[in-house]
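Quick notes on the structure that follows.
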Amino acid sequence: SCHKRNISSFLSVVFSRTLASAGKELNDNFLKALAEREEANRSGKMTSVIFIRDYNTLGQEVSGYIDYAHRLKTQDFEPYFCGKKRLMPGPSDLCYYNWKTQTSTSNSSPNFEVIYDDPNGLLFKSKRDKTMLNPWSGSSGDSSGTLLQSDLYVHVVLYDRSVRTF
């Protein structure tokens, strides 16, 4: 009915304002992929881990794993989607490595526990359903790594997990 349609359109307008990617013209594959995943990561239906390898503003090669859902809650993504700022891993992310300074950090997030002493290599354990995401195998459970060609970054891989609800 009309009433339902009005509520639906009102909610879609309100909800679209919360999406940093809404209404942006995105030309890079990586930014398009982030935009496609933004709503699901914000709502908790999905968690994505982003691997980025690139050069920082000092020209140093850095790499790291970013909890996308956590970053969406703690940072304004509008500058990334507008092209005013580049999304880069930092020392407070799940894992970070600066190849020049040999600085290495790992931090758990609200969504993942970092397990770095496992024989299988680096693992991210979901705090919600206890499943493991293994970036070295390319997939684990219902997660899979997607290598993206990007004009903005040297190397980008997205690991997506549908969140299981019990």
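Please go through the range 91-107 and pick out each residue that is within 13 Å of the chain's Cα centre (by Cα) and free of Cβ contacts under 8 Å to residues at least 40 places away in the same chain.
Across the range 91-107, the qualifying residues are ASP93, CYS95.
Can you name the number of the only condition in (1) within 18 Å of PHE30 (Cβ to Cβ); (2) assigned to a loop (DSSP other than H, G, I, E, B) that ILE50 fails? Result: ILE50 passes all but (2). Number of residues in the range 69-82 that are in contact (Cβ under 8 Å) with a residue 40 or more places away in the chain and either among the hydroxyl-bearing types (Ser, Thr, Tyr) or open to solvent by 20 Å² or more (accessible area, probe 1.4 Å) (or both): the value is 5.
Which residues, counting only those in the range 20-38, are in a loop (DSSP other than H, G, I, E, B) and hydrophobic (A, V, I, L, M, F, W, C)? The answer is ALA20, ALA22, LEU26.
Any residue at all in the range 98-117 that is open to solvent by 80 Å² or more (accessible area, probe 1.4 Å), of a type in the set (Lys, Arg) and either touching a strand residue (DSSP E or B) at 6+ places or on another chain (Cβ under 6 Å) or at pLDDT 90 or above (or both)? There is at least one residue in the range 98-117 that is open to solvent by 80 Å² or more (accessible area, probe 1.4 Å), of a type in the set (Lys, Arg) and either touching a strand residue (DSSP E or B) at 6+ places or on another chain (Cβ under 6 Å) or at pLDDT 90 or above (or both).
Scanning the range 139-151 for any residue that is open to solvent by 20 Å² or more (accessible area, probe 1.4 Å), among the charged types (D, E, K, R), free of Cβ contacts under 8 Å to residues at least 40 places away in the same chain and outside any loop (DSSP other than H, G, I, E, B) turns up nothing.
The values are calculated or read from the model by the stated rules, or taken from the named source; none is laboratory data. What you see is a predicted model, and the numbers here were worked out from it, not measured in a lab. No Cβ is skipped: glycine too gets one built from the backbone with ideal geometry, and neighbour counts run over all protein chains shown. In case anyone asks, the SASA skips ligands and DNA or RNA and just uses the protein heavy atoms, side chains included. Shrake-Rupley method; radii C 1.70, N 1.55, O 1.52, S 1.80 Å.
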